[in-house]
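The values are calculated or read from the model by the stated rules, or taken from the named source; none is laboratory data. Owing to the predicted nature of the structure, the values given are computational and were not obtained by experimental measurement. Here Cβ is always computed from backbone atoms with ideal geometry, including for glycine, and neighbour counts include all displayed protein chains. Surface areas here come from the heavy atoms of the whole protein model, side chains and all, with no ligands, DNA or RNA. Shrake-Rupley method; radii C 1.70, N 1.55, O 1.52, S 1.80 Å.
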Amino acid sequence: MITCNERKDERNFMVRTQIAARGVRDKRVLDAMRKVPRHRFVPVSCSSEAYEDFPLPIGSGQTISQPYIVAFMAEMLRLNGSERVLEIGTGSGYGTAVLSLLAKEVFSVERIAALLERAREVLEALKVENVHLRLADGFFGWAEEAPFETIILSAAPFDIPNAIVNQLADGGRLVAPVGSLGAQTLVRITRRGAHFDTEALLDVAFVPMRPGVSEL
Ligand code: SAH
């Protein structure tokens, strides 16, 4: 449950001018983007920029994605509310909160303890109950909870690890940035039995996926 009326006009303006204007049509996605208070997920020092059209630093050398990219990726997952989503890269928890309004349950993995704890506090304060957070190396996905109808990566690996792809349910969709810095493509992989269809969606610039777990 997320109810926050603070800065609602800014969110409506953001959705109209940055997200709907660029072609995102999924009504549930647009509604979720109007609801989630992005300013609660960014450091106080950049709160005034929370609804601007760019990524922002969230500490530990990481960034919260541009609002349009969050909305576009959510739309590409084609969520109807019945799914279990695996998210790799909780970061600020903002994308997690958006997904929590669009799917049944979100399983989100983060490798930096300080970010995960901050995300946990904000999500709890907003009474988001259908998310499960885990401090772990997302290169291994979340095997105990697999398979997932949808998987989303918010950091870019050079190649999508097999361990993650194998946690996709039959008919499931995975959306992820892939490649090295300066040459990344957002892709969607759809599983059809033993076959995986890959579509290139957009050129993007995400932080790289890194191995292992870190405190800071
Ligand atoms: N969706 C997030 C974006 C955060 S940036 C948000 O809305 O704020 C990407 C995040 O991926 C960073 O927090 C980074 O620490 C995390 N990450 C990178 N490699 C990872 C890995 N192997 N496992 C889990 N998280 C990882």
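What accessible area per residue, rounded to a whole number of Å², is obtained for the chain using a probe radius of 1.4 Å?
Working: 9750 Å² over 216 residues.
It amounts to 45 Å² per residue over the chain.
Quick one: net charge of Arg25's neighbours, Cβ under 15 Å, K/R +1, D/E -1? The partial results should precede the final answer.
Numbers: positive: Arg16, Arg22, Lys27, Arg28, Arg34, Arg78; negative: Asp26, Asp31, Glu75.
Neighbour charge sum, excluding Arg25 itself: +3.
Report the far tail of the P(r) of the chain, meaning the percent of Cα-Cα pairs longer than 31 Å.
On the way: 2581 of 23220 pairs.
Result for the distance tail: 11 percent.
Could you rank Arg118, Arg25 by how accessible they are, 1.4 Å probe, largest area first?
Ranked list, largest accessible area first: Arg25, Arg118.
Within straight cross-link reach of Lys104, meaning Cα distance under 20 Å, which aspartates and glutamates are found once same-chain residues fewer than 8 apart are removed?
Correct list for Lys104: Asp26, Asp31, Glu75, Glu83, Glu87, Glu124, Glu129, Glu144, Glu145, Glu149, Asp170.
Rounded to the nearest 500, what is the chain's calculated 222 nm mean residue ellipticity when only DSSP H runs of at least 4 contribute -39500 (n - 2.57) each, over all residues? Let's see the in-between values first.
Details: 6 runs with 50 residues, N = 216.
Using -39500 (n - 2.57) per qualifying helix, the result is -6500 deg cm²/dmol.
Measure off, as a whole percent, the carbon and sulfur share of the 1.4 Å-probe accessible area of segment 154-193, all protein chains present. Display every interim value, and only then the final one.
Values: 790 of 1580 Å².
So the carbon and sulfur contribution to the accessible surface is 50 percent.
How many percent of DSSP beta bridges within the chain run antiparallel, rounded to 5?
Numbers: 20 of 40 bridges.
Roughly 50 percent of the beta bridges in the chain run antiparallel, per DSSP.
Assuming 1.002 mPa s and 20 °C, estimate D for segment 127-216 with Stokes-Einstein, Rh taken as the Kirkwood radius over Cα pairs, in µm²/s.
154 µm²/s
How high is the FRET efficiency from Asn12 to Glu124, r the C-beta distance, R0 35 Å, rounded to 0.05? The partial results should precede the final answer.
Working: r = 26 Å, r/R0 = 0.74.
In this case the efficiency is close to 0.85.
Which net charge results for the neighbourhood of Asn5, defined as the other residues with beta-carbon distances under 13 angstrom from its beta-carbon, given Lys and Arg at +1 and Asp and Glu at -1?
On the way: positive: Arg7, Lys8, Arg11, Arg34, Lys35, Arg40; negative: Glu6, Asp9, Glu10.
Cβ neighbours under 13 Å give a net charge of +3.
Can you tell me the FRET efficiency between Asp31 and Glu144 if r is taken as the Cβ-Cβ distance and R0 is 30 Å, rounded to the nearest 0.05? Provide the component values of the computation, followed by the final result.
Working: r = 32 Å, r/R0 = 1.06.
With R0 = 30 Å, the Cβ-Cβ based efficiency is 0.40.
For segment 129-159 and segment 7-85, what is the separation of their C-alpha centers, rounded to whole Å?
One Cα centre to the other: 20 Å.
Please state the relative contact order of the chain as a whole percent: Cα pairs under 8 Å, 6+ residues apart? Don't skip to the end; give the middle numbers.
Values: 451 pairs, mean separation 35.0, N = 216.
Reported relative contact order: 16 percent.
With loop defined by DSSP as not H, G, I, E or B, and exposure as at most 13 other Cβ atoms within 10 Å, which is the longest segment of the chain clear of exposed GluC sites (Glu not before Pro)? Kindly include the intermediate steps, with their values, before the conclusion.
Values: sites that count: Glu6, Glu129, Glu215.
Maximal segment without exposed cleavage sites: 7-128.
Would you mind pulling out the separation of the Cα centroids of segment 92-127 and segment 166-206, in Å?
22 Å
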